[in-house]
1. How would you rank TYR49, TYR56, going from fewest to most other Cβ atoms within 10 Å of each one's own Cβ?
2. What are the equivalent ellipsoid semi-axes of the range 241-380, built from the alpha-carbon gyration tensor (square roots of five times its eigenvalues), in whole angstrom, biggest first?
3. Using only Cα atoms, what is the ratio of the radius of gyration of the range 54-178 to 2.2 N^0.38 Å?
4. Hey, what's the Cα Rg ratio for the chain versus the globular rule of thumb, 2.2 N^0.38 Å?
5. Quick one, can you get me the convex hull of the C-alpha atoms of the range 166-294 expressed as volume per residue in Å³?
6. Give me the Debye-computed log₁₀ of I(q)/I(0) at q = 0.16, 0.22 Å⁻¹ for the range 1-65, equal point scatterers on Cα only, no solvent, two decimals.
7. Given an 8 Å cut-off on Cα distances and at least 6 residues of separation, report the relative contact order of the range 168-282 as a percent.
8. May I ask for the distance between the Cα centers of the range 234-249 and the range 1-26, given as a whole number of Å?
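FYI, it's all coordinate maths here, none of it is from the lab. Model, not experiment: these values are computed from the prediction. All Cβ positions, glycine included, derive from the backbone under ideal geometry; neighbour counts span all protein chains shown.
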Amino acid sequence: MKLYSTNNKSSEVSFKDAVFNSLPQDKGLYMPHFIPVLSDEFIKNLHTYSLQEIAYTVAEALLKDSIPADDLKSIIEDAINFPAPVVALKDGNYVLELFHGPSLAFKDFGARFMSRVMAYFLLEGEKELNVLVATSGDTGGAVALGFLGVPNTQVTILYPKGKVSPIQELQLTTHGQNIRAIEVDGTFDDCQELVKQAFVDDELNERFRLTSANSINIARLIPQTFYYFNAVAQLQLEGKSDIVFSVPSGNFGNIGAGLLAWKLGLPVKQFLAATNVNDTVPVFLAGGEYQPKPSVQTYSNAMDVGNPSNWVRIMDLFNEDAETLRKLVKGYSYTDEQTVDAIKQVFQENGYVVCPHTAIAWLALKDYQSHSSEDNTGVFLSTAHPCKFPEVFPENIASKIEVPMQVKELESRTKQSVSLGIDFEGFKKFLLG
Ligand SMILES: *Cc1c(COP(=O)(O)O)cnc(C)c1O
């Protein structure tokens, strides 16, 4: 697999370099030079394959000889070791549950695959890797668990003090080993700023091999295509077609992977990009200007993004053809009040509890269906387990949320974190230790 930067289409880097660089020097995003179309035979028979078999076929088609077949198989078996079931609701729609991984959010797919790919390349004699990651909540947990115990890697997670949920904090701070957490007395933006400064600091770059684990890494995007194929596989078994995927969106990595799956030949009728009031993309999809703006805080905080970092990649996938993109992807955005009402309504109608991000995708699906007379099979993606956001739910619903085993287990552990301010010198001193 060879990749180019969206800012320089004639550039060419290997998959390995793209994974370790994360971002090209010219600040574009890496994209594959060649996106194959999978055979009709494979697509027609998706239902005969397991999630891991599908993952292998898709990854192999994209990566080609970047990783030998047997090694790629082991990476997938190790990384994608939890299911992504499609669950039928009473209202006729389906929910694609992506929260059965260790951090209880869909980011486990990307983080686990990426960490294993990095570890694989490190085995070839690369220098120890220092992963720096700023998190507003979900990314840190997925990255921590993805890299936990991976040889030759050190992970440093920065999170804003008092601004992540109690479960998220436990997921960041209770591992030890090669994972350490820094509680920053500031906002998520301050955390991100510290990480950015570290990446351009000469002394730190001389001492360490720094890499970022954020969602623009191509090794996080690829594994997110797997569950779209696997969802279609499960719906084939029920004789369903004309699939409409509704995707809760923030940085647009998740829906970006869905669109990549579509390019790879997956039959999808329509994508819905569902956001909270951070509606930069829905405004554009409705025919307006693409105008990034500062993010606004909401209940669906993993989607509080005013300038989605994967958007460039999506435009590139469509050769900047906004018209085609606007046909395939419709945008929707909702307030916190609508989000809470949706949580209640889904619960009343289906006895099913959705997290605030997922509720927004359900709303978009309902809106789409109420304005469309065409046949469709509605699937909304559930990006996180509701127990990660306990403060949003009314008491009668909160008490219905089953807390998974892995969370109960976390509660018995002690928090280990270092407190730092927002000054770069303090952070640098800590890293140089
Ligand atoms: C990260 C996240 C999102 C947003 O996904 P993007 O790929 O950034 O669009 C949505 N929901 C949850 C729960 C998340 O953690």
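1. Result, fewest neighbours first: TYR49, TYR56.
2. Ellipsoid semi-axes (Å, largest first): 23, 19, 12.
3. Scaled against compact globular proteins, the figure is 1.18.
4. 0.93
5. Considering the Cα atoms of the range 166-294, their hull volume per residue is 192 Å³.
6. So the normalised log intensities are -0.61, -0.86.
7. 20 percent
8. A separation of 32 Å, based on Cα centres.
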